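J.: Once you've had a glance at the structure underneath, I'll fire off some questions.
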Amino acid sequence: MTGIDIRPSGPGDLASIERIYPDAFPEEDLLPLVRQLLTQEPAVLSLVAGAGHEITGHILFTPCGITGSDTAAALLAPLAVARKYQRQGIGTALIAEGLSRLRLAGVTRVYVLGDPAYYGRSGFEPETAISPPYPLPEQWRDAWQSVSLDTSQPPARGTLLLPEPWMQPALWAP
Ligand SMILES: CC(C)(COP(=O)(O)OP(=O)(O)OC[C@H]1O[C@@H](n2cnc3c(N)ncnc32)[C@H](O)[C@@H]1OP(=O)(O)O)[C@@H](O)C(=O)NCCC(=O)NCCS
(Lines give C-alpha, C1' and ligand atoms only; values in the text may rest on other atoms or scores of the structure.)
Protein backbone atom coordinates (compact mmCIF):
# COMPACT_ATOMS: atom_id res chain seq x y z
CA MET A 1 0.00 0.00 0.00
CA THR A 2 1.39 3.44 -0.80
CA GLY A 3 0.78 6.69 1.05
CA ILE A 4 0.63 5.35 4.61
CA ASP A 5 1.04 8.45 6.73
CA ILE A 6 2.52 7.66 10.14
CA ARG A 7 3.06 10.21 12.91
CA PRO A 8 3.32 10.40 16.70
CA SER A 9 -0.10 10.70 18.31
CA GLY A 10 -1.16 13.73 20.34
CA PRO A 11 -3.81 14.22 23.06
CA GLY A 12 -6.36 15.10 20.35
CA ASP A 13 -6.03 11.60 18.86
CA LEU A 14 -7.19 9.78 21.99
CA ALA A 15 -10.84 9.48 20.92
CA SER A 16 -9.88 8.07 17.51
CA ILE A 17 -7.40 5.65 19.08
CA GLU A 18 -10.12 4.53 21.49
CA ARG A 19 -12.38 3.65 18.54
CA ILE A 20 -9.79 1.36 16.93
CA TYR A 21 -9.34 -1.04 19.85
CA PRO A 22 -12.89 -2.43 20.25
CA ASP A 23 -12.97 -2.78 16.45
CA ALA A 24 -9.64 -4.64 16.15
CA PHE A 25 -9.98 -6.59 19.45
CA PRO A 26 -13.73 -7.28 19.88
CA GLU A 27 -13.07 -9.90 22.57
CA GLU A 28 -10.42 -8.11 24.59
CA ASP A 29 -10.65 -4.80 26.45
CA LEU A 30 -7.27 -3.15 26.02
CA LEU A 31 -8.60 0.38 26.43
CA PRO A 32 -7.78 0.78 30.16
CA LEU A 33 -4.18 -0.22 29.45
CA VAL A 34 -3.89 2.03 26.40
CA ARG A 35 -5.41 5.00 28.29
CA GLN A 36 -3.08 4.47 31.24
CA LEU A 37 -0.01 4.25 29.05
CA LEU A 38 -0.96 7.31 27.01
CA THR A 39 -1.90 9.51 29.95
CA GLN A 40 0.51 8.35 32.69
CA GLU A 41 3.67 7.26 30.89
CA PRO A 42 5.11 10.22 28.97
CA ALA A 43 8.04 8.14 27.72
CA VAL A 44 5.91 5.81 25.56
CA LEU A 45 6.24 6.02 21.79
CA SER A 46 2.72 6.17 20.37
CA LEU A 47 2.31 6.26 16.59
CA VAL A 48 -0.82 6.50 14.50
CA ALA A 49 -1.38 5.68 10.86
CA GLY A 50 -3.88 7.83 9.07
CA ALA A 51 -5.56 8.40 5.79
CA GLY A 52 -6.59 12.07 5.88
CA HIS A 53 -8.22 12.75 9.25
CA GLU A 54 -9.12 9.10 9.76
CA ILE A 55 -6.84 7.09 12.04
CA THR A 56 -6.48 3.57 10.69
CA GLY A 57 -3.92 2.04 13.05
CA HIS A 58 -2.09 2.56 16.32
CA ILE A 59 1.04 1.17 17.93
CA LEU A 60 2.59 1.69 21.35
CA PHE A 61 6.12 1.05 22.52
CA THR A 62 6.95 1.27 26.25
CA PRO A 63 10.58 1.92 27.17
CA CYS A 64 11.78 -0.60 29.73
CA GLY A 65 14.86 -1.98 31.42
CA ILE A 66 16.32 -5.40 32.06
CA THR A 67 17.35 -6.64 35.51
CA GLY A 68 21.12 -6.65 36.01
CA SER A 69 21.77 -4.80 32.75
CA ASP A 70 21.88 -1.26 31.42
CA THR A 71 20.28 -2.29 28.11
CA ALA A 72 17.80 0.30 26.84
CA ALA A 73 14.86 -1.85 25.75
CA ALA A 74 11.24 -1.35 24.73
CA LEU A 75 8.09 -3.45 24.68
CA LEU A 76 5.91 -3.36 21.54
CA ALA A 77 2.22 -3.54 22.50
CA PRO A 78 -0.46 -3.14 21.69
CA LEU A 79 -0.76 -2.86 17.91
CA ALA A 80 -4.17 -2.47 16.31
CA VAL A 81 -5.37 -1.79 12.78
CA ALA A 82 -9.05 -1.00 12.15
CA ARG A 83 -10.72 -4.04 10.56
CA LYS A 84 -11.56 -2.44 7.25
CA TYR A 85 -7.92 -1.37 6.80
CA GLN A 86 -6.25 -4.66 7.71
CA ARG A 87 -3.94 -6.52 5.29
CA GLN A 88 -2.86 -3.33 3.54
CA GLY A 89 0.58 -3.10 5.13
CA ILE A 90 -0.40 -0.64 7.89
CA GLY A 91 0.64 -2.86 10.82
CA THR A 92 3.98 -3.64 9.19
CA ALA A 93 4.57 0.05 8.45
CA LEU A 94 3.77 1.05 12.05
CA ILE A 95 6.24 -1.54 13.36
CA ALA A 96 8.97 -0.41 10.92
CA GLU A 97 8.51 3.29 11.77
CA GLY A 98 8.55 2.54 15.51
CA LEU A 99 11.71 0.44 15.30
CA SER A 100 13.42 3.12 13.24
CA ARG A 101 12.55 5.85 15.78
CA LEU A 102 13.62 3.68 18.72
CA ARG A 103 16.95 2.87 17.05
CA LEU A 104 17.64 6.59 16.66
CA ALA A 105 16.72 7.07 20.34
CA GLY A 106 19.36 4.52 21.39
CA VAL A 107 17.06 1.59 22.17
CA THR A 108 18.96 -1.62 21.44
CA ARG A 109 16.29 -4.34 21.71
CA VAL A 110 12.51 -4.50 21.35
CA TYR A 111 10.32 -7.25 22.84
CA VAL A 112 6.86 -8.41 21.85
CA LEU A 113 4.35 -11.05 22.89
CA GLY A 114 2.48 -11.96 19.74
CA ASP A 115 2.04 -14.28 16.80
CA PRO A 116 5.50 -15.33 15.50
CA ALA A 117 4.05 -15.76 12.00
CA TYR A 118 3.24 -12.05 11.99
CA TYR A 119 6.11 -10.49 13.94
CA GLY A 120 8.72 -12.75 12.31
CA ARG A 121 8.06 -10.80 9.11
CA SER A 122 9.42 -7.70 10.85
CA GLY A 123 12.59 -9.43 12.10
CA PHE A 124 11.44 -10.65 15.51
CA GLU A 125 12.89 -13.97 16.71
CA PRO A 126 12.07 -16.20 19.69
CA GLU A 127 13.50 -14.74 22.92
CA THR A 128 14.90 -17.03 25.58
CA ALA A 129 17.52 -14.97 27.46
CA ILE A 130 15.15 -12.31 28.76
CA SER A 131 11.97 -13.26 30.60
CA PRO A 132 8.70 -11.35 30.59
CA PRO A 133 7.62 -9.96 34.01
CA TYR A 134 5.31 -12.93 34.67
CA PRO A 135 5.92 -16.53 33.60
CA LEU A 136 4.17 -17.38 30.36
CA PRO A 137 2.04 -20.46 29.88
CA GLU A 138 3.77 -23.19 27.86
CA GLN A 139 1.58 -22.61 24.79
CA TRP A 140 2.70 -18.98 24.59
CA ARG A 141 6.42 -19.64 24.78
CA ASP A 142 6.99 -19.13 21.03
CA ALA A 143 5.03 -15.89 21.18
CA TRP A 144 7.70 -14.17 23.31
CA GLN A 145 10.07 -12.57 20.80
CA SER A 146 12.60 -9.79 20.35
CA VAL A 147 14.47 -7.93 17.65
CA SER A 148 17.90 -6.37 18.04
CA LEU A 149 18.35 -2.78 16.90
CA ASP A 150 22.08 -2.77 17.63
CA THR A 151 23.96 -5.93 16.71
CA SER A 152 27.11 -4.73 18.49
CA GLN A 153 25.33 -5.19 21.82
CA PRO A 154 25.55 -8.73 23.22
CA PRO A 155 22.17 -10.14 24.24
CA ALA A 156 21.58 -9.50 27.94
CA ARG A 157 20.08 -11.95 30.43
CA GLY A 158 17.42 -11.13 32.96
CA THR A 159 13.82 -10.07 33.30
CA LEU A 160 12.05 -7.18 31.64
CA LEU A 161 11.43 -4.22 33.98
CA LEU A 162 8.22 -2.46 33.00
CA PRO A 163 6.29 0.49 34.41
CA GLU A 164 3.19 0.01 36.58
CA PRO A 165 0.46 -0.25 33.88
CA TRP A 166 2.10 -3.43 32.61
CA MET A 167 2.37 -5.07 36.02
CA GLN A 168 -0.93 -6.94 35.83
CA PRO A 169 -0.70 -10.74 35.55
CA ALA A 170 -3.91 -10.78 33.47
CA LEU A 171 -2.10 -8.99 30.64
CA TRP A 172 0.35 -11.90 30.42
CA ALA A 173 -2.06 -14.80 30.64
CA PRO A 174 -4.35 -16.37 28.01
C1 LIG B 1 -2.48 -8.12 13.44
C2 LIG B 1 -2.64 -6.76 12.79
C3 LIG B 1 -2.03 -5.69 13.69
C4 LIG B 1 -1.92 -6.79 11.45
O5 LIG B 1 -2.01 -5.52 10.84
P6 LIG B 1 -2.25 -5.41 9.30
O7 LIG B 1 -2.10 -4.00 8.90
O8 LIG B 1 -3.53 -6.09 8.96
O9 LIG B 1 -1.04 -6.31 8.78
P10 LIG B 1 -0.16 -6.08 7.48
O11 LIG B 1 -1.01 -5.60 6.37
O12 LIG B 1 1.02 -5.26 7.83
O13 LIG B 1 0.35 -7.52 7.20
C14 LIG B 1 -0.58 -8.40 6.71
C15 LIG B 1 0.05 -9.73 6.59
O16 LIG B 1 0.31 -10.26 7.87
C17 LIG B 1 -0.31 -11.52 7.98
N18 LIG B 1 -1.14 -11.44 9.15
C19 LIG B 1 -2.04 -10.53 9.48
N20 LIG B 1 -2.55 -10.80 10.69
C21 LIG B 1 -1.92 -11.91 11.10
C22 LIG B 1 -2.00 -12.69 12.25
N23 LIG B 1 -2.83 -12.41 13.27
N24 LIG B 1 -1.21 -13.77 12.32
C25 LIG B 1 -0.38 -14.09 11.32
N26 LIG B 1 -0.27 -13.37 10.21
C27 LIG B 1 -1.03 -12.31 10.10
C28 LIG B 1 -1.12 -11.83 6.79
O29 LIG B 1 -0.63 -13.01 6.23
C30 LIG B 1 -0.90 -10.67 5.89
O31 LIG B 1 -0.22 -11.05 4.77
P32 LIG B 1 -1.04 -11.41 3.44
O33 LIG B 1 -2.11 -10.36 3.33
O34 LIG B 1 0.02 -11.37 2.41
O35 LIG B 1 -1.59 -12.77 3.72
C36 LIG B 1 -4.13 -6.40 12.53
O37 LIG B 1 -4.66 -7.36 11.68
C38 LIG B 1 -4.95 -6.30 13.79
O39 LIG B 1 -5.08 -5.23 14.37
N40 LIG B 1 -5.54 -7.43 14.20
C41 LIG B 1 -6.36 -7.48 15.39
C42 LIG B 1 -5.61 -7.17 16.63
C43 LIG B 1 -4.36 -8.01 16.81
O44 LIG B 1 -4.40 -9.24 16.72
N45 LIG B 1 -3.23 -7.32 17.10
C46 LIG B 1 -1.95 -7.96 17.29
C47 LIG B 1 -1.53 -7.79 18.67
S48 LIG B 1 -0.26 -8.95 19.08
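The values are calculated or read from the model by the stated rules, or taken from the named source; none is laboratory data. In this text the structure is predicted, and so the values were computed from the model without any measurement. Positions of Cβ are backbone-derived with ideal geometry, glycine not excepted, and every protein chain shown enters the neighbour counts. Ligands, DNA and RNA are excluded from the accessible area calculation, which covers all protein heavy atoms including side chains. Shrake-Rupley method; radii C 1.70, N 1.55, O 1.52, S 1.80 Å.
J.: Part of a strand (DSSP E or B) and in contact with a Pro (Cβ under 8 Å, 6 or more places away or on another chain) - does that describe any residue in the range 90-111?
T.: Yes, the conditions are met somewhere in the range 90-111.
J.: Still on this structure, please answer the following. Report the residue count in the range 67-89 for those that are in a loop (DSSP other than H, G, I, E, B), over 23 Å from T159 (Cβ atoms) and open to solvent by 40 Å² or more (accessible area, probe 1.4 Å).
T.: 3
J.: Looking only at the range 74-101, filter to residues that are of a type in the set (S, T, Y) and over 18 Å from G120 (Cβ atoms); which one of those is modelled with the highest pLDDT? Walk me through it before giving the result.
T.: The first filter runs over the range 74-101 and keeps only residues of a type in the set (S, T, Y), leaving 85, 92, 100.
Still in the list and also over 18 Å from G120 (Cβ atoms): 85, 100.
Values: Y85: 95, S100: 98.
In this case the residue turns out to be S100.
J.: Which one is least open to solvent (accessible area, probe 1.4 Å), of the residues in the range 109-143 that are closer than 18 Å to L162 by Cβ and more than 16 Å from the ligand (Cβ to nearest atom)?
T.: Once the filter is applied, the top-ranked residue is I130.
J.: Another question, if that's okay. Among the residues in the range 151-165, are any within 14 Å of the ligand (Cβ to nearest atom) and either assigned to a helix (DSSP H, G or I) or over 20 Å from T56 (Cβ atoms) (or both)?
T.: No, the conditions are met nowhere in the range 151-165.
J.: Hey, another quick one. State the number of residues belonging to the range 54-96 that are near the ligand (Cβ under 10 Å from one of its atoms), within 10 Å of the chain's Cα centre (by Cα) and free of Cβ contacts under 8 Å to residues at least 60 places away in the same chain.
T.: The number of residues fulfilling the criteria is 7.
J.: Continuing with this model, one more query. Here are some conditions: (1) more than 16 Å from the chain's Cα centre (by Cα); (2) open to solvent by 70 Å² or more (accessible area, probe 1.4 Å); (3) within 21 Å of E97 (Cβ to Cβ); (4) of a type outside the set (V, I, T). P26 meets all but one. Which one does it not meet?
T.: (3)
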